[in-house]
Structure formats: C-alpha cells, structure tokens
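Below: one structure, written as structure tokens.
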Amino acid sequence: MGAEKLLKVAIMGAKGYPYVYGGYDTLVKELGERLQARGVHIRVYNHRNLFRSRPKFVNGIECIYTPAIETKSLTQLSHTFFSMLHACFSDVDVIFVVNSGNGPFGLLARVFGKPTAINVDGLEWLRPKWKGWGARYFRWASKMATQSFDQIINDSDEMRRVYLELFNKDSVVIAYGATPKEDISPEPLRSWNLSSREYYLIVGRLIPDNNADLIISGFLKSKSKKTLVVVGDAHFSDPWAQQVKTADGERVLFTGYVRDQLVLASLYSHCYAYFHGHEFGGTNPAMLKALGYGCAILALNTPFNQEMLQNGAHGWYFEKTEDQVKNLVEKAETEALKIDALRKTARQGLTEKYSWDRVAEQYLEVFHRLAKK
C-alpha cells in the first residue's frame with residue numbers, strides 16, 4: 001500500500017472535476033474518486049472559466065484551474081496544452097489525457113520524460129461536425145497520439161481493431177463503467193406531463209452523427225400515440241440543432257440538457273424504449289446508463305452498438321433509414337411482451353467489464369506500470 005500512496009497521477013482533457021455532464025467528465029469523476037480512495041494522489045486540470053468557486057481540493061482530489069483560448073475550436077485543445085505544460089514542470093509520476101484531439105501534446109511530455117497514457121475514444125474525424133481541416137486534424141492527431149503517448153487506451157474491442165488497422169498500433173482495452181439502478185421514482189416526469197412507459201427517449205448531444213433527426217422523422221411517420229422525448233442540445237448555437245428542434249410539438253418533446261441526475265434517472269427508468277442513434281465511437285455512456293436503468297434499447301446497427309448489446313442479446317437494431325425507425329416503433333408497440341423482456345434483462349448486459357471498480361483496477365495497473373518505467 002505504501003507504494004500506491006506515492007503514485008501521483010495528473011488527469012486532463014475533460015472539463016474538470018467535479019463537473020459532470022459528458023462521458024469524459026464522468027470518467028474523470030468515477031476513476032479519480034476510486035483511485036484517490038486507494039491512496040493515489042490525483043490531480044485534475046479544470047477549465048478555469050467553468051468554475052466560479054475554485055477550491056484547491058475537492059473530495060481529496062487536487063484541482064488545478066488552467067485557462068483556455070475560448071473559441072469553439074480552440075477551447076479544449078488550448079486548455080490541454082496549458083495543462084500539459086503545468087504537469088510537465090510538476091512532480092506527477094504519470095500524465096493521463098482523454099480525447100484523441102490531444103494526441104500531439106504527448107510530445108511535450110516526452111521531452112520532459114513524463115510517462116503518459118491517452119484514452120482516444122471515438123472516430124472523431126468521421127463526425128459530420130468536423131468537416132475539412134477539422135476532420136484532417138483529428139485523423140492526424142489520433143495518429144500522433146499513437147506515436148507520442150506511451151500507452152493508448154481504447155474502451156471497446158472494436159475501437160482497438162480500428163486503431164490496429166489504421167495506425168498499426170495496439171492498445172489496452174478498458175471499458176467505460178456504469179452503475180445499475182432500480183426503483184427510480186416517476187415523480188420528476190410530472191413537470192413535463194409525462195407518464196411511465198408513455199414515451200420513447202433519446203439522450204445525447206444534438207449533432208448529426210447521433211442521428212436524432214432520422215429517429216424523429218421515422219417516429220413521426222409511425223402510428224405511435226406515445227411521445228418522443230429528446231434530452232440534450234448543442235454546446236454552441238448550431239443551425240443543424242435549431243432545425244431539428246423545429247419538430248417540437250405534441251409528439252416530440254425537447255427538454256434541453258438535464259443536469260439533475262435524479263431527473264435523468266427517472267427519464268431513463270420509465271421510458272417505453274430508449275433510442276440510441278450514435279454512429280461513431282466505442283463504449284457509449286448513454287447506452288450504458290440505459291442498460292443500468294433497465295431500458296429496452298433500440299439502437300442504430302453499428303459494430304460498436306453490436307458489441308455493447310452483445311449482438312442483439314440486449315436490444316433491437318435499425319438501419320439508417322426513416323422507414324426502419326418507423327417499422328421498429330410499430331414492432332415495439334405490437335410486441336410489448338418482448339419489449340418488457342428486454343427491460344427485465346437489460347442490467348445483465350452490464351457484465352464485470354462495465355463495472356467502475358474493475359475499470360479503476362485496470363487503469364491503476366496501467367499507471368503503476370508506466371510509473372515504473
């Protein structure tokens with residue numbers, strides 16, 4: 001145990017701690033708290049602009065508040081650059097970075113002899129929001145990550161295969177975690193006049209590759225009398241998201257971001273079925289939550305979603321057409337007993353691989369190995 005207490009790990013690339021909204025922010029929280037409890041000194045680099053109060057320690061985790069160049073394309077990258085500089089001049093043993101866009105910054109750590117690991121996550125360069133130079137940058141940055149970081153971490157076997165094929169680089173696979181929960185009250189639904197099992201649910205940012213527009217159009221073509229609830233928004237004023245939101249009305253409800261975790265839990269737990277249209281990426285946090293809250297899952301047919309739902313054991317799939325969505329909605333309502341069976345077995349889909357405690361153990365093994373180098 002003595003050796004563990006000496007280990008110092010810097011974490012950067014997300015918004016910070018204890019800020020929790022996106023997948024990376026949740027990873028930082030769940031991983032950081034578990035490692036801190038095991039005697040590891042955790043230092044998280046926070047986006048200064050997002051924190052009005054800036055305590056030095058939160059729940060035993062050291063917080064450093066670094067600035068950023070606040071523009072849509074430079075905020076995240078500049079924040080990691082400044083954080084990496086700070087960490088390189090500090091006494092941390094290992095630097096852990098999230099987001100493949102930060103791939104080039106491993107070179108800085110290499111100059112200073114700091115061991116590094118990076119969680120590279122999804123296929124950012126394929127996402128429609130990164131057109132032109134943005135897509136080229138992410139592809140280049142992901143390749144740079146494989147050359148400048150000591151350890152690449154992917155969160156799914158399918159993503160490991162992609163990195164092997166594209167960049168000839170193997171990676172350690174450590175899944176994303178989830179916490180199964182039962183018996184969630186439907187009370188928060190009342191604020192939207194929703195009733196248990198009387199709505200479908202989408203959770204995710206309003207960006208083209210999450211396919212909310214396709215799901216909404218297909219749903220509106222169906223004969224369903226239920227409501228489609230869309231939780232999420234775009235981080236910036238976005239014409240595509242604004243266009244999608246014009247479907248707001250009797251059959252489609254946009255809640256915007258729901259940051260209260262109890263309210264979000266209620267929305268998951270009481271939906272008739274959860275729609276997952278995410279197209280690019282490995283282990284998806286919203287899908288894991290859906291499994292943990294016992295949702296019947298209707299997912300876009302991708303290799304990543306097939307892996308997470310164990311090739312159909314824990315969900316049904318649709319191809320990328322409006323008619324496929326329409327048909328699946330109508331099938332779900334005529335085969336209510338099968339949908340109920342999906343709900344009853346959903347939590348079994350959270351195998352040990354998706355346990356946060358197991359995830360933390362695997363990261364700790366990587367950090368100890370890197371520190372010994």
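The values are calculated or read from the model by the stated rules, or taken from the named source; none is laboratory data. Nothing here was measured: the structure is a model prediction, and the numbers come from that model. In this analysis, Cβ positions are derived from the backbone assuming ideal geometry, glycine residues included, and neighbour counts consider all displayed protein chains.
Restricting to the range 217-230, count the residues that are of a type in the set (A, V, I, L, M, F, W, C) and surrounded by fewer than 20 Cβ atoms within 10 Å (Cβ to Cβ). Lay out the reasoning, then the answer.
Taking the range 217-230 first, the residues of a type in the set (A, V, I, L, M, F, W, C) are 219-220, 228-230.
Still in the running and surrounded by fewer than 20 Cβ atoms within 10 Å (Cβ to Cβ): 220.
Residues that pass the stated criteria total 1.
For Glu330, indicate whether it is at negative phi, surrounded by fewer than 22 Cβ atoms within 10 Å (Cβ to Cβ) and touching a residue at least 24 places away in the same chain (Cβ under 8 Å).
Values: at negative phi: yes; surrounded by fewer than 22 Cβ atoms within 10 Å (Cβ to Cβ): yes; touching a residue at least 24 places away in the same chain (Cβ under 8 Å): yes.
It is true that Glu330 is at negative phi, surrounded by fewer than 22 Cβ atoms within 10 Å (Cβ to Cβ) and touching a residue at least 24 places away in the same chain (Cβ under 8 Å).
Suppose we keep only residues that are at pLDDT 95 or above and among the aromatic types (Phe, Trp, Tyr) within the range 18-60. Which one would you say is farthest from Ala286 (Cα to Cα)?
Phe57
Scanning the range 333-360 for residues that are assigned to a helix (DSSP H, G or I) and of a type in the set (Val, Ile, Thr), which turns out surrounded by the most Cβ atoms within 10 Å (Cβ to Cβ)? It would help to see each step written out before you state the result.
The first filter runs over the range 333-360 and keeps only residues assigned to a helix (DSSP H, G or I), leaving 333-334, 336-349, 352-354, 356-360.
Then keep just the ones that are of a type in the set (Val, Ile, Thr); that gives 334, 339, 345, 359.
Values: Thr334: 9, Ile339: 20, Thr345: 13, Val359: 22.
Among those that are assigned to a helix (DSSP H, G or I) and of a type in the set (Val, Ile, Thr), it is Val359.
Residues in the range 30-78 that are exposed (fewer than 12 other Cβ atoms within 10 Å of the Cβ) and not in a loop (DSSP other than H, G, I, E, B): how many?
1
Taking Val120, is it in contact with a Ser or Thr (Cβ under 8 Å, 6 or more places away or on another chain), more than 28 Å from Lys331 (Cα to Cα) and touching a residue at least 40 places away in the same chain (Cβ under 8 Å)? Give the steps one after another, and end with the answer.
Details: in contact with a Ser or Thr (Cβ under 8 Å, 6 or more places away or on another chain): yes; more than 28 Å from Lys331 (Cα to Cα): yes; touching a residue at least 40 places away in the same chain (Cβ under 8 Å): yes.
Answer is yes for this residue.
Is it true that Leu328 is among the aliphatic types (A, V, I, L, M), in contact with a Lys or Arg (Cβ under 9 Å, 6 or more places away or on another chain) and at pLDDT 95 or above? First the steps, then the outcome.
Numbers: among the aliphatic types (A, V, I, L, M): yes; in contact with a Lys or Arg (Cβ under 9 Å, 6 or more places away or on another chain): no; at pLDDT 95 or above: yes.
For Leu328, the condition - among the aliphatic types (A, V, I, L, M), in contact with a Lys or Arg (Cβ under 9 Å, 6 or more places away or on another chain) and at pLDDT 95 or above - is not met.
Please state which one of Arg38, Arg52 is out of contact with any Phe, Trp or Tyr (no Cβ under 8 Å at 6 or more places or on another chain), without any contact (Cβ under 8 Å) to a residue 12 or more places away in the chain and outside the structural domain of Gln261 (by TED's automatic domain parsing). Quick ask: steps written out before the conclusion?
Numbers: Arg38 fails: without any contact (Cβ under 8 Å) to a residue 12 or more places away in the chain.
None of the others qualify; the one that does is Arg52.
Looking at the range 41-79, which of the residues that are touching a strand residue (DSSP E or B) at 6+ places or on another chain (Cβ under 6 Å) and of a type in the set (Val, Ile, Thr) is farthest from Thr179 (Cα to Cα)?
Selected residue: Thr66.
Working only within the range 32-68, note down all residues that are aliphatic (A, V, I, L, M) and farther than 23 Å from Leu85 by Cα.
If the condition is that a residue be aliphatic (A, V, I, L, M) and farther than 23 Å from Leu85 by Cα, then Leu35, Ala37 are the ones that fit.
For (1) surrounded by fewer than 23 Cβ atoms within 10 Å (Cβ to Cβ); (2) assigned by TED's automatic domain parsing to the domain that holds Asn119; (3) among the aromatic types (Phe, Trp, Tyr); (4) within 16 Å of the chain's Cα centre (by Cα), each residue gets a yes or a no:
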residue: Ala141; (1), (2), (3), (4): yes, yes, no, no
residue: Gln147; (1), (2), (3), (4): yes, yes, no, no
residue: Ser156; (1), (2), (3), (4): no, yes, no, yes
residue: Tyr199; (1), (2), (3), (4): yes, no, yes, no
residue: Asn210; (1), (2), (3), (4): no, no, no, yes
residue: Ile215; (1), (2), (3), (4): no, no, no, no
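I need the full set of residues from the range 204-228 which are among the β-branched types (Val, Ile, Thr) and at pLDDT 95 or above, in order please. Spell out how you get there, then give the answer.
We begin by selecting, within the range 204-228, every residue among the β-branched types (Val, Ile, Thr); these are 207, 215-216, 227.
Ile215, Ile216, Thr227 - these are the residues of the range 204-228 that are among the β-branched types (Val, Ile, Thr) and at pLDDT 95 or above.
Could you check how many residues of the range 296-321 are in a loop (DSSP other than H, G, I, E, B) and touching a helix residue (DSSP H, G or I) at 6+ places or on another chain (Cβ under 6 Å)? Spell out how you get there, then give the answer.
From the range 296-321, those in a loop (DSSP other than H, G, I, E, B) are 296, 301-302, 309-315, 319-321; that's our starting set.
Retained after the next criterion (residues that are touching a helix residue (DSSP H, G or I) at 6+ places or on another chain (Cβ under 6 Å)): 296, 314.
So the answer is 2.
Specify which of the listed residues (Ser237, Ser142, Ser195) is at pLDDT below 95, polar (S, T, N, Q) and part of a loop (DSSP other than H, G, I, E, B).
Numbers: Ser142 fails: part of a loop (DSSP other than H, G, I, E, B); Ser195 fails: at pLDDT below 95.
The unique qualifying residue is Ser237.
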